[in-house]
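Values quoted throughout were computed directly from the atomic coordinates according to the rules given, and no laboratory measurement underlies them. Remember, predicted model here, so these are calculated numbers, not experimental data. Counting neighbours? That spans all protein chains shown, and the Cβs are built from the backbone with ideal geometry, glycine included.
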Amino acid sequence: MVCQKEPLVQKVCDLYEQISSLESLKPSKDVDMLFTKLVLTCIPPNPIDVNKICKKIQEMRSKLIRLCGEAEGHLESHFSTILGSYDNPLDHLNVFPYYSNYLKLSHLEFNMLKQHYTNVPSKVAFVGSGPLPLTSIVLASKHLTTSSFHNYDIDPSANSMALKLVQSHPDLSNRMFFHTTDIMNVTSELQEFDVVFLAALVGMEKEEKVKFIDHLAKHMAPEAILMLRSAHGARGFLYPVIDPCDLRGFDVLSVFHPSDEVINSVVIARKYSMPINSIDHHQTGLGSMIVLPNKCSDQIQAFSPLNHGMVEELAIEEHLS
């Protein structure tokens with residue numbers, strides 16, 4: 001059991017105390033400094049398993065993830081407002097300080113998608129797109145240049161800010177759509193998408209995120225692709241961690257943990273073509289062992305882009321009923 005005497009945990013706790021005492025989490029010198037320190041503390045590879053920390057630290061971690069989410073929302077709104085003041089906002093995306101990270105993350109996600117989905121997706125959904133939907137923008141403009149992107153966010157102000165960024169663009173204004181709704185209220189419409197992205201901060205508690213995943217498993221089209229973001233090691237103090245065994249109803253194809261400045265891990269999974277209740281799930285040490293009633297391959301092919309991270313090997317064991 002990992003607790004507060006661990007040096008990394010002590011440092012994270014100290015930063016949490018300072019962050020939680022701030023009057024506002026909107027961008028400012030103090031906010032920027034503290035979150036930069038937090039990120040730099042959590043980025044280096046560390047064997048810590050946030051699922052095994054003691055209850056007191058778990059509670060702190062949950063609060064910290066919410067604070068990170070709130071600060072990230074303010075940061076995105078701030079820069080979306082700045083970008084929206086330009087005649088052609090998409091020509092100025094590099095004013096956002098983490099734009100290069102989004103370029104790398106989107107490239108990583110596109111390469112993983114390309115390996116497991118050979119067609120060009122016609123319709124893509126992004127759940128939790130926010131006021132600065134950089135993933136959708138980068139994928140639509142650089143990688144999936146004929147796909148339509150449907151962005152879902154529960155916050156109407158976030159969608160109006162996001163729409164302002166693309167409405168003057170001759171191409172993206174015709175391929176990017178924004179829907180203000182709770183994804184839990186979207187059912188049959190989910191059948192239309194070839195690929196669904198789930199943002200890292202949609203469901204900040206694990207139980208909450210699993211509800212979203214279960215909803216997608218119920219309503220997505222058979223064999224459609226789900227891409228979601230997780231975190232690994234100490235980065236689990238910044239974002240929720242999703243284990244492959246949490247993806248009930250999906251065949252987990254690959255999990256990639258970056259070790260550079262890209263913080264989020266990426267999980268790619270395929271919706272089963274059979275009913276969810278016909279699948280039995282067993283957890284293994286590294287991922288999800290999925291026992292299927294039909295013959296399956298013994299090994300999922302590993303994905304290792306640019307050697308900037310680590311792949312979890314996910315075994316599928318053959319089971320004949």
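Brief remarks follow.
- Restraint check, 63/218; 26/63; 164/209, Cα-Cα greater than 21 Å: 63/218; 164/209
- The residues neighbouring residue 176, those whose beta-carbon lies less than 13 Å from its own, together hold a net charge of +1 under the Lys/Arg +1, Asp/Glu -1 convention.
- Computed from phi, the 3J(HN,Hα) profile of the range 156-166 under the Karplus parametrisation 6.51, -1.76, 1.60 (θ = phi - 60°) reads x, 5, 4, 5, 5, 5, 5, 4, 4, 6, 10 Hz, with x in place of Gly and Pro.
- Eligible aspartates and glutamates near residue 142 by straight Cα distance, threshold 18 Å, same-chain separation 8 or greater: 91, 109, 171
- Derived scalar couplings ³J(HN,Hα) [the range 31-48; Karplus, 6.51 cos²θ - 1.76 cosθ + 1.60; whole Hz; x for Gly, Pro]: 4, 4, 5, 5, 6, 5, 4, 5, 4, 5, 6, 8, 5, x, x, 8, x, 4
- Proximal aspartates and glutamates relative to residue 56, as straight alpha-carbon distance under 17 Å, when same-chain residues fewer than 8 apart are discounted: 6, 14, 17, 205
- Taking 25 Å as the limit for the C-alpha separation, the pairs 52/211; 37/114; 11/52; 55/206; 104/211 exceed it in the case of 37/114; 104/211.
- Inter-part distance where the range 143-161 and the range 59-74 are each reduced to a Cα centre, Å: 23 Å
- 5 angstrom amide H check on residue 25, placed H, neighbours 5+ away: none
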